[in-house]
1. How would the chain be classified by its alpha-carbon gyration tensor: rounded, prolate or oblate, with rounded meaning a/c under 1.5 and the a/b versus b/c comparison settling the rest?
2. Stick to Cα atoms and the Kirkwood definition of Rh, then tell me Rg/Rh for region 22-86.
3. Taking only C-alpha pairs under 8 Å that are 6+ residues apart, what is the relative contact order of the chain in percent?
4. If you count, for each residue, the other Cβ atoms within 10 Å and average over each peptide, how do 187-199, 43-55 line up from highest to lowest?
5. Using a basic spin-label model with each label point 7 Å from the Cα along Cα→Cβ, how many nm lie between residue 304 and residue 267?
6. What distance in nm separates the two pseudo spin-label positions at residue 119 and residue 290, each 7 Å out from Cα along the beta-carbon direction?
7. What is region 239-332's relative contact order, in percent, from Cα pairs under 8 angstrom and six or more apart in sequence?
8. Just to be sure I understand the model, the point goes 7 Å from the Cα along the line to the Cβ. What's the resulting residue 59 to residue 317 distance in nm?
Ligand SMILES: Nc1ncnc2c1ncn2[C@@H]1O[C@H](COP(=O)(O)OP(=O)(O)OP(=O)(O)O)[C@@H](O)[C@H]1O
Ligand SMILES: [Mg+2]
């Protein structure tokens, strides 16, 4: 009996390999480059179809820069970005254009990202007509009505201007615009951060429902771990331009392996008041990304740091099934020492 050929593993929708974005610093208008902001410094991850990966970490760790570089709103310094197996980081603008249809973004502030002079109808029609996705007015109208239904807004709201809506409704319009060209990947950059708690939950639920319905992938950028826990499948934790831990949600929230993740999680309020969580207060501030610390970038604030951490940079290694952490504590050779510390 001949054996059926092994089924190839499904290709991720998005693959990011060793992505770097170093912003040059110029001290004066005519002066040369005096240094770099190492905003993103070797970040790798992938997102499957219909999957949500959240990117979390303190302000300035490089989350938005990752999102903007993936979208090619800014050019990467190094590394690869593949959409459906095709490299897009080095594509010329002409060849990138059709792929832009497949990757859209929802920003934190829908007010500034929606053109105030356009009615919702025109805001949503723009990407549809730009990409030639409707051949007649009837088809365009059907698409627009469908988008309003998808984001649970009344169809007649299409004839209003952005300022006539509440923050949550405007964010629904932002989501409708992101869905308009039939995208496969939506990057939500702090998309719910500016909203009231109850509205936040509604928008997060909407995103989850849309994902179930349409199979879109989400890169959910947020500093709010309580929201992330609600929406995500996997979490990548960033510190000073690097991913220090990446794991599926359950594993990461139940058993974080990087001391930085532990500290971040210790600050998340627990719904059950009888469960006590020991808050870990990190010493000092986040160092500057212009002069990141040697070795492990977290060593200056890590409660477990030992000599090796100051000189040798840890790489992401498997620490449990589906969980990767960049920390010397998980090197079997140093573990007994670390434990004793
Ligand atoms: N265009 C730019 N030129 C120079 N530095 C920049 C530029 N954009 C971002 N940076 C710097 O890069 C680092 C990462 O910024 P980024 O906006 O990606 O962080 P973030 O994690 O999204 O933060 P936040 O949570 O506040 O949104 C910061 O130090 C920031 O000041
Ligand atoms: Mg940001």
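1. Values: a/c = 1.64, a/b = 1.59, b/c = 1.03.
In terms of gyration-tensor shape, prolate.
2. On the way: Rg = 14.4 Å, Rh = 13.8 Å.
Using Cα coordinates only, the ratio equals 1.05.
3. Worked out over the chain, it gives 19 percent.
4. Going from most to least packed, we get 43-55, 187-199.
5. It works out to 2.0 nm between the two label points.
6. 5.0
7. Reported relative contact order: 34 percent.
8. Each label point lies 7 Å from its Cα, and together they span 3.6 nm.
The numbers here are math on the coordinates, done by the rules we state, and not lab data. Quick caveat, the model's predicted, so the values are computed rather than measured. All Cβ positions, glycine included, derive from the backbone under ideal geometry; neighbour counts span all protein chains shown.
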